[in-house]
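Novice: If you scroll down you'll find the structure; I have some questions about it.
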Amino acid sequence: MDAKSAVELMESSNEVHFSGFHMDGFEQRKASIEQPTTSETDMYEQPFVIGVAGGAASGKTAVCDMIIQQLHDQRVVLVNQDSFYNNFSEEELTRVQDYNFDHPDAFDTEQLLRVMDKLKHGEAVDIPKYDFKTYKSDVLRRVNPSDVIILEGILVFHDQRVRELMNMKIFVDTDADVRLARRIRRDTNEKGRDIGAVLDQYSKFVKPAFDDFILPTKKYADIIIPRGGDNHVAIDLIVQHIRTKLGQHDLCKIYPNLYVIQSTFQIRGMHTLIRDAQTTKHDFVFYSDRLIRLVVEHGLGHLPFTEKQVLTPTGSVYTGVDFCKRLCGVSVIRSGESMENALRACCKGIKIGKILIHREGDNGQQVCPSACMP
Ligand SMILES: Nc1ncnc2c1ncn2[C@@H]1O[C@H](COP(=O)(O)OP(=O)(O)O)[C@@H](O)[C@H]1O
Ligand SMILES: O=c1ccn([C@@H]2O[C@H](COP(=O)(O)O)[C@@H](O)[C@H]2O)c(=O)[nH]1
């Protein structure tokens, strides 16, 4: 890959990025780097899709909430399988107590697939909100495309096509007695059900469906979380893994000494401003300088250092590090000169050399006709 295609790839990819490398057992994804000829309309960022399955009241929602809380600086959206319960006719509603809500056929999986497909392709979508009291999904909520999509529900691993959408599959594994106790409390307090009906439904439908349909999908999980939301260690590890996946840039796979700065909404906001045709020259320079300063500071962070101890004004010893000495910057003429000021501002007294690189001939060979080093 030559410098031009590397730059084009950088340009076409956004700050938050998804890698084709996955932990064992994760779905392999085709990284955009394998498709350099893809047209601009096809070049969308693929969101990272996490499936969270497990028995009813196992703590799936609690686990999702904790993941979302920890990923507060990313765009994350939660899609519940409940939203895709089949609709009832008025006649069917009169016999709702005989309905098996825990059977795979209770869900409109085709609609779920359509919704997920839209979100994966960067389209906003209206998703029904299921009401456990009326058994209806009349209200819609607008869900915008996001960097991370969490699909949660008792049977989200049941259909192979749904499983194949997922980059990470989590099964929340909580003891049956704990699930039943939580279900009784939740369904009587929040869903307005009476305890007799909850127990009848449990023995007639919920337990058999767990054994027949939900438990067998545990084998598809990449990660099994015992004790649900109480398992902070598992949730921290999951969030760490998601962050690594989101931050990994395709170019890092080709250039092992390339570091890509983890994106934040601040960085994204600045990238948005400098790309906006309406942005004034003054603002463009201001935000470019801020971004350049970040790049320079991060770059300096990768230089070698030596350990150093200093005495603080209160007389205690502080063990820190000493900056690398005798630094020299090299500015590529017509390319890196805009970064010189930031480098001077960060490295007191740094000497900066100049180099001119240009491409010669049809094979794109790069030559260096002029260099002036300090
Ligand atoms: N770790 C926990 N300790 C105590 N109660 C919990 C815990 N996790 C969830 N719950 C409660 O159990 C019920 C079911 O939890 P929820 O996360 O909604 O499970 P699910 O989404 O799997 O049905 C809720 O009322 C919730 O408040
Ligand atoms: O109208 C309904 C719809 C579903 N249920 C029960 O809900 C759980 C699944 O929801 P979780 O949030 O995963 O617990 C399932 O066991 C259904 O039986 C219901 O009771 N009424």
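Novice: List pairs: first residue in segment 108-121 and in a loop (DSSP other than H, G, I, E, B), second residue buried (at least 18 other Cβ atoms within 10 Å of the Cβ) and modelled with pLDDT of 95 or more anywhere in the structure, Cβ distance under 7 angstrom, at least six positions apart or on different chains.
Specialist: Listed pairs, sorted by first residue: Asp108/Phe84.
Novice: Residues of segment 346-374 being β-branched (Val, Ile, Thr) and part of a loop (DSSP other than H, G, I, E, B), which ones? Even if it seems obvious, please write down each step before you answer.
Specialist: Taking segment 346-374 as the starting set, the residues that turn out to be β-branched (Val, Ile, Thr) are 350, 352, 355, 357, 367.
Passing the criteria: only Ile350.
Novice: Then there's this: Output the residues belonging to segment 50-89 that are part of a helix (DSSP H, G or I) and free of Cβ contacts under 8 Å to residues at least 40 places away in the same chain.
Specialist: Residues of segment 50-89 part of a helix (DSSP H, G or I): 60-70, 81-84.
Result: Gln69, single match.
Novice: Any idea how many residues of segment 59-97 are away from ligand 1 (no atom under 16 Å from the Cβ) and surrounded by fewer than 17 Cβ atoms within 10 Å (Cβ to Cβ)?
Specialist: Qualifying residue count for the region: 15.
Novice: Could you tell me which of the residues Asp98, Asp108, Asp126, Asp117 is more than 23 Å from Gln46 (Cα to Cα) and out of contact with any Phe, Trp or Tyr (no Cβ under 7 Å at 6 or more places or on another chain)? Explain how you work it out, then say what you get.
Specialist: Details: Asp108 fails: out of contact with any Phe, Trp or Tyr (no Cβ under 7 Å at 6 or more places or on another chain); Asp126 fails: more than 23 Å from Gln46 (Cα to Cα); Asp117 fails: more than 23 Å from Gln46 (Cα to Cα).
Just a single option satisfies the conditions, and that option is Asp98.
Novice: Out of (1) within 13 Å of ligand 1 (Cβ to nearest atom); (2) assigned to a helix (DSSP H, G or I); (3) surrounded by 14 or more Cβ atoms within 10 Å (Cβ to Cβ), the odd one out for Ala181 is which?
Specialist: The number of the failed condition is (3).
Novice: Cβ contacts < 9 Å: first residue basic (Lys, Arg), restricted to segment 333-357; second residue in a helix (DSSP H, G or I), any location; separation 6+ or different chain. Result?
Specialist: Between residues of segment 333-357 that are basic (Lys, Arg) and residues that are in a helix (DSSP H, G or I), the close pairs are Lys354/Glu337.
Novice: Among the listed residues Phe265, Phe323, Phe305, Phe284, which satisfies the condition of being loosely packed, with under 15 Cβ neighbours inside 10 Å, outside the structural domain of Gln46 (by TED's automatic domain parsing) and touching a helix residue (DSSP H, G or I) at 6+ places or on another chain (Cβ under 6 Å)? So that I can check it myself, show each step before the final result.
Specialist: On the way: Phe265 fails: touching a helix residue (DSSP H, G or I) at 6+ places or on another chain (Cβ under 6 Å); Phe323 fails: touching a helix residue (DSSP H, G or I) at 6+ places or on another chain (Cβ under 6 Å); Phe305 fails: touching a helix residue (DSSP H, G or I) at 6+ places or on another chain (Cβ under 6 Å).
After applying the criteria, what remains is Phe284.
Novice: Name the helices (runs of 4 or more DSSP H) wholly inside segment 223-295 in which the number of residues that are free of Cβ contacts under 8 Å to residues at least 12 places away in the same chain and of a type outside the set (Lys, Arg) is 2 or more. Talk me through it step by step, then tell me what you get.
Specialist: Working: elements: 232-247, 250-254, 265-275.
By residue number, 232-247, 265-275.
Listed here are the residues, each with its yes/no results for (1) modelled with pLDDT under 50; (2) away from ligand 2 (no atom under 14 Å from the Cβ); (3) farther than 24 Å from Phe213 by Cβ; (4) not assigned by TED's automatic domain parsing to the domain that holds Arg268.
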{"site": "Phe18", "(1), (2), (3), (4)": "yes, yes, yes, yes"}
{"site": "His22", "(1), (2), (3), (4)": "yes, yes, yes, yes"}
{"site": "Arg29", "(1), (2), (3), (4)": "yes, yes, yes, yes"}
{"site": "Ser39", "(1), (2), (3), (4)": "yes, yes, yes, yes"}
{"site": "Met43", "(1), (2), (3), (4)": "yes, yes, yes, yes"}
{"site": "Ile50", "(1), (2), (3), (4)": "no, yes, no, yes"}
{"site": "Ala53", "(1), (2), (3), (4)": "no, no, no, yes"}
{"site": "Ser89", "(1), (2), (3), (4)": "no, yes, yes, yes"}
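Novice: If the requirement is being more than 16 Å from ligand 1 (Cβ to nearest atom) and of a type in the set (Gly, Ala, Ser), which of these qualifies: Gly247, Gly192? It would help to see each step written out before you state the result.
Specialist: Numbers: Gly192 fails: more than 16 Å from ligand 1 (Cβ to nearest atom).
Of Gly247, Gly192, the one residue that is more than 16 Å from ligand 1 (Cβ to nearest atom) and of a type in the set (Gly, Ala, Ser) is Gly247.
Novice: Quick one: would you say Glu297 is at pLDDT 90 or above and in contact with a Cys (Cβ under 7 Å, 6 or more places away or on another chain)?
Specialist: Working: at pLDDT 90 or above: yes; in contact with a Cys (Cβ under 7 Å, 6 or more places away or on another chain): yes.
Against the criterion (at pLDDT 90 or above and in contact with a Cys (Cβ under 7 Å, 6 or more places away or on another chain)), Glu297 qualifies.
Novice: Quick check on Gln201: is it more than 31 Å from the chain's Cα centre (by Cα), surrounded by 13 or more Cβ atoms within 10 Å (Cβ to Cβ) and either at pLDDT 95 or above or of a type outside the set (Gly, Ala, Ser) (or both)?
Specialist: Values: more than 31 Å from the chain's Cα centre (by Cα): yes; surrounded by 13 or more Cβ atoms within 10 Å (Cβ to Cβ): yes; either at pLDDT 95 or above or of a type outside the set (Gly, Ala, Ser) (or both): yes.
Yes.
Novice: Please name all residue pairs, on different chains or six or more residues apart, with Cβ atoms under 7 Å, provided the first residue is in segment 163-192 and is within 15 Å of Lys133 (Cα to Cα) and the second residue is within 11 Å of ligand 2 (Cβ to nearest atom) and modelled with pLDDT under 95.
Specialist: Sorted first by the residue in segment 163-192, then by its partner, the pairs are Asp187/Arg193; Lys191/Phe132; Lys191/Lys133; Gly192/Lys133.
Novice: For segment 128-156, give me each residue that is within 15 Å of Cys64 (Cβ to Cβ) and within 16 Å of ligand 1 (Cβ to nearest atom). Steps first, please.
Specialist: From segment 128-156, those within 15 Å of Cys64 (Cβ to Cβ) are 143, 146, 148-154, 156; that's our starting set.
Passing the criteria: Ile150, Leu151, Glu152, Gly153, Ile154, Val156.
Novice: Please pick out the residue among Ile224, Ile242, Ile214 that is among the β-branched types (Val, Ile, Thr), within 16 Å of ligand 1 (Cβ to nearest atom) and buried (at least 20 other Cβ atoms within 10 Å of the Cβ). Steps first, please.
Specialist: Values: Ile224 fails: buried (at least 20 other Cβ atoms within 10 Å of the Cβ); Ile242 fails: within 16 Å of ligand 1 (Cβ to nearest atom).
Ile214 is the lone residue from the list that is among the β-branched types (Val, Ile, Thr), within 16 Å of ligand 1 (Cβ to nearest atom) and buried (at least 20 other Cβ atoms within 10 Å of the Cβ).
Novice: Then there's this: What about Lys169, is it in the same structural domain as Asp212 (by TED's automatic domain parsing) and in a helix (DSSP H, G or I)?
Specialist: Values: in the same structural domain as Asp212 (by TED's automatic domain parsing): yes; in a helix (DSSP H, G or I): no.
Taking the combined requirement at face value, the residue does not satisfy it.
The values are calculated or read from the model by the stated rules, or taken from the named source; none is laboratory data. Quantities reported herein were computed from a predicted structural model and do not represent experimental measurements. Positions of Cβ are backbone-derived with ideal geometry, glycine not excepted, and every protein chain shown enters the neighbour counts.
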